[in-house]
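The values are calculated or read from the model by the stated rules, or taken from the named source; none is laboratory data. Nothing here was measured: the structure is a model prediction, and the numbers come from that model. Every residue, glycine as well, gets a Cβ built from its backbone with ideal geometry; the counts of neighbours run over all protein chains shown. The area values use the complete protein model at the heavy-atom level, side chains included, leaving out ligands, DNA and RNA. Shrake-Rupley method; radii C 1.70, N 1.55, O 1.52, S 1.80 Å.
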Amino acid sequence: MAVIDYKYKDVIHRCFRCGYCKFPNNWIDVNNCPAYARFRMETYSCGGRLWLVRAWVNGEIDWSEHFAQIVYSCTACKNCEQQCPLRFNVDIVNMIVAAKSEMVERGEIPPSAKEFLENVQRQGNPYGNSREKRGEWMEGTGIEAYQGQEFLYYVGCVGSYDTRGQKTARVLGKVLQKAGVSFGVLGNDENCDGNEVRSLGEETLFEMLAEENVAQFQSLGVQKIVTLSPHSYNAMKNDYPGFNGGFDVAHYTQLLQSLISDGRLDVSGGVNATVTYHDPCFLGRWNEEYEAPRNVLKSIPGIQLIEMERNRDGALCCGGGGGNFYIDLLGGSEDSPARRRVREAHETGADVLAVACPNCLTMLEDAVKAEELEDKLTVKDVAEIVGEACGIK
Amino acid sequence: MDIVACIKRVPDTSEVDVIKIDASQKDIEKDRLVFKINDWDEYVLEEAVQLREKLGGTLTAVTVGHNDWDDVLRRALAMGADTGIRIDQDVSAEDTHVVAKILKTVIQQIPHDLVLFGAQSEDFGSGQLGAMVAEMLDIPHATLVVGLEAEEKRVRVNRELEAGTLESYTIELPALLTIHTGINQPRYISLGGIKRAMKKELQVMSLSDLQLSPDALNPMVRLEKLELPPKGEGAELITGAPGEAAEQLTKILKDTGIF
C-alpha cells in the first residue's frame, strides 16, 4: 500500500546513495552511521534507509517488522546531514522521522518503540515507572522545588529514573548549590521533554508534551532553564518556541563554563586524569556546542584532555538516540556503536571517557563492561568530574 | 461478521508499591493513580479489528463505568471499532455476576455473531466474566483462546492448557471467546488516532435504559476487605554493591543445592 501523504515524496528520490553519509568528516572510517556500523549492511545506512522508504512510499515494498526495525534503527545523530553533499541534506533525518510518523499513525512500529510511547502516554517517561517516583532521585540532597528561583533545573527522564542517571542528576544539583546558583526542580511534577517522542515519529504526543510543559513553565514564571540532558536542551531551545515557549535555555555545561570563568565555581581542587570527551549528538551536531564541555574540562587542574580521532561534528553516536537507549535496536554486538566508541576512547590512552549526556553515559558505561575495560576506562559525566574538582562526592 | 468486544479500564499496577488501600478497606486510593486499558483487552481489540478487516460486519466496543471510562472506548474507536457503548454505572465494588447481568442485557440488543472478552482483568483477575455472560446468553464459549480462525458461521479456536498444550475446537456461531495474551501483536494507538476518535460519538446508556433496576442485580459475592499481602518471611533482600550482591547470591544458590 503506497503512502499517499508522505511529506518528502518529491525529494526523497534525490539520494543516489553516494555513501558519503556513512563517513565522518575526516573520512577515516566508513562506520560513522551508527546503524550501518552495527549491521554493516547498506539497508541500514542512511542512503539505504532512504531508498527503502522511497520504495515503501511508492508501494513497491510492503511494510514488515524488519523494515520498521531498519527505519527505527536510525538514531537521528545527524552524521548523514553533516556529510551529505546534496542540498536536500537538511531534511534527511526529517525524512526518516516522517516515515516513522506514518508507521505510528498505522500503529505498525517495533514492539519496543510501542512500549516506549505507551509508557510516555501513561506515566510521562519511557520506563513506565510511576509519575509518583519521578522526584525520588533528589531525596536527601536539599534541592528545592522550583518556586521562582533564577533557573529551572530540568532533569529529564534518564536523570530522574535511571540509577546511573540519577547519580549524575544529584551531583549536578550539588555543584549548582556549591556555586550558589538560585535554582529549583519540578520533582514529581516534571514531565517528559518529548525530544525522543518526536524522533520516534509520535508528533501529536510530542505536541501535547511541549504544550503542557510550556504551560507549566509559564504558570510558574520560569524564564531560564538549565538542562541535564542535551535531548531536553534541544527540544526546549529549538522546538518549544514553536509552542509559544521562548525560554532562555542552557545546557548545564554552558552554565558551568560561565560559573567557572566568573569565579563562582572553584575547581582548583583539580582531578588527575587523562580525559577524552565524547560529543553527544544533541549537543554537538544538533546544536553546534562543541567547546563549552571542553572548556569546562580544560579549566580543571590536573586534567589532560585528548581527542578521539572522530570528534566534534565527526563524532560517532553512542547509538542511544532516536529512543534507542531504550528500544535498543543497535545493541547486542561488538559492532554496536557504543562498543566501537569505547574501544576508540580506550585507544587514545585516556583513563576517563567524559560525556555530557545521561543517555550517552548509560550507553557507554554498559559498553565498557561489555568490552571488559572497567579497569582501564571509566565513563564519567562532565558534571561528576567538576563535582570531584569541587570536593563533592 | 458482527463482533462485540467487552473491555475494561484498570489501574496501571506496573509498580505495585504505589497501590494503597483506602479508608473503607474495600477499594484502593485512586486519586494519583494512572489508568489504562486492561492488558488482555488490547489483544481482544486487535483480534476483533483484524477479523472485521478480513470478514467485514460491525465491531462494537462495550464497557461499564463512569465517564472516566470513555478513554478505553476512545482507544477502541481509534483502533477501528465502529461504535462505543458505555453503561454509566460504577461497578467497581460489585461482583462479577452483577457486571455479567448488565453486559448480557446490552449484548442482547446488539447484533452479535462473536462476543470477545479478555481472559481476565489485571485488577481483580477472576477470569469468570466471559464464561458467565456466555451462560446467560445461552451461547457456546471457549476460554483462554490463543489462536482463532473465523469463517462465516463458525470459528476454529486453540485454547492454551498446561505446559503449552493446545486444545482445538470448532464452535458454531454465535459464540463467546475469552482471549489470552500472545494471540496477536496489538498495534500502537497514536495520540493523533485517539484525538480523531474524540469526534466519534459514544453511546451512553443507563441501567434504566436497559430496563434494569439496581435492586434486581443481585450480587452473589460481597467484598469484605481488601488488604495488601503481608511481608512474607523467608525472603532475603540482598543489598550492597553489584559484585558483592552477586557473590552472596551465588553462595545462596550453591548452599541450597540449586546449582
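Summary of computed values
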read-out	value
Relative pair counts by distance (%), Cα atoms of the stretch A:1-143, 10 Å bins	11, 36, 28, 16, 8, 1
Contour minus Cα-Cα distance for A:ALA215 and A:SER268 (0.36 nm per residue)	15.0 nm
Point-to-point label distance, A:PHE243-B:SER206, nm (Cα→Cβ direction, 7 Å offset)	4.0 nm
Kirkwood hydrodynamic radius over Cα pairs of chain B, then Stokes diffusion coefficient at 4 °C and 1.567 mPa s, in µm²/s	64 µm²/s
Förster radius 56 Å - calculated FRET efficiency between B:LEU226 and A:ILE306, Cβ distance, rounded to 0.05	0.35
Residues along the stretch B:152-197 losing 10 Å² or more of accessible surface when the other protein chains are present rather than the chain by itself (probe 1.4 Å)	B:GLN185, B:PRO186, B:ARG187, B:TYR188, B:SER190, B:LEU191, B:GLY192, B:LYS195, B:ARG196
The protein assembly as shown - accessible surface per residue (Å², probe 1.4 Å)	44 Å²
Mean Cα-pair separation over length for chain A, i.e. relative contact order, pairs under 8 Å, 6 or more apart, %	18 percent
Quarter of Cα convex hull surface for the stretch A:199-326, i.e. mean projection, nm²	9.3 nm²
Most positive-pole-ward Cα, A:SER64, B:SER24, A:LEU256, against dipole of the protein assembly as shown from beta carbon charges	A:LEU256
Dimensionless Rg ratio for the stretch B:1-81, taking C-alpha atoms and the 2.2 N^0.38 Å reference	1.30
Inter-label distance, nm, simple model (7 Å from Cα along the C-beta direction), B:THR239/B:PHE124	4.0 nm
Spatially proximal lysines relative to B:LYS20 (Cα-Cα < 19 Å; intrachain offsets below 8 disregarded)	A:LYS133, B:LYS30, B:LYS36, B:LYS225, B:LYS231
Ellipticity estimate at 222 nm from DSSP helix runs (n ≥ 4, -39,500 (n - 2.57)) divided over chain B, nearest 500	-8500 deg cm²/dmol
Solvent-accessible area of B:ASP27 with every protein chain in place, 1.4 Å probe, in Å² to the nearest 10	50 Å²
Column: log10 I(q)/I(0), Debye, Cα scatterers of the stretch A:266-389, q = 0.13, 0.15, 0.18 Å⁻¹	-0.46, -0.62, -0.89
Rg [Å, one decimal], Dmax [Å, integer] - the stretch A:241-287, C-alpha atoms	14.9, 45
Antiparallel content of DSSP bridges confined to the protein assembly as shown, in %, to 5	25 percent
Chain A, accessible surface, carbon-and-sulfur percent (1.4 angstrom probe)	44 percent
0 to 90° range, to nearest 10: angle between helix A:92-106 axis and chain A longest Cα axis	70 degrees
18 Å Cα-Cα reach of A:LYS237 towards lysines, excluding residues that sit fewer than 8 places from it in its own chain	A:LYS78, A:LYS224
C-alpha center-to-center spacing [the stretch A:309-355, the stretch B:83-119] in angstrom	53 Å
Karplus 3J(HN,Hα) series, Hz, for the stretch B:139-152 with 6.51 cos²θ - 1.76 cosθ + 1.60 (x for Gly, Pro)	10, x, 9, 9, 9, 6, 7, 10, x, 8, 10, 10, 10, 4
The stretch A:266-389: relative contact order as a whole-number percent, Cα under 8 Å and 6+ apart	33 percent
Residues along the stretch B:18-34 losing 10 Å² or more of accessible surface when the other protein chains are present rather than the chain by itself (probe 1.4 Å)	B:VAL18, B:ARG32, B:VAL34
Electrostatic dipole magnitude of the protein assembly as shown [Cβ: Lys, Arg +1; Asp, Glu -1; Cα centre; debye, to 20]	1540 debye
Inverse mean reciprocal Cα-Cα distance (Kirkwood Rh) of chain A, Å	21.2 Å
Gain on full stretching of the segment that runs from B:LYS254 to B:GLU53 - 0.36 nm per residue minus C-alpha separation	66.9 nm
Share of carbon and sulfur in the accessible heavy-atom surface of the stretch B:8-150 [1.4 Å probe, %]	44 percent
Accessible area buried, both sides summed, chains B and A with 1.4 Å probe, Å²	1900 Å²
Cα Rg, Dmax (largest Cα-Cα span) when computed across the stretch B:113-259, Å	23.5, 66
Label-point gap, in nm, between A:GLU42 and B:GLN108 - each point 7 angstrom along Cα→Cβ	6.7 nm
log10 of Debye I(q)/I(0), alpha-carbon scatterers only, for the stretch A:113-258 at 0.19, 0.21 Å⁻¹	-1.15, -1.41
Relative contact order (%) - criterion: Cα under 8 Å, at least six apart; region: chain B	23 percent
Net length gained if the chain between A:ILE28 and A:GLU136 were fully extended (0.36 nm per residue, minus Cα distance)	34.4 nm
Convex hull volume per residue in cubic angstrom - Cα atoms of the stretch B:146-223	247 Å³
Positions from the stretch A:130-147 whose accessible area shrinks by 20 Å² or more when the full protein complex is built, not the chain alone, probe 1.4 Å	A:SER130, A:GLU132, A:LYS133
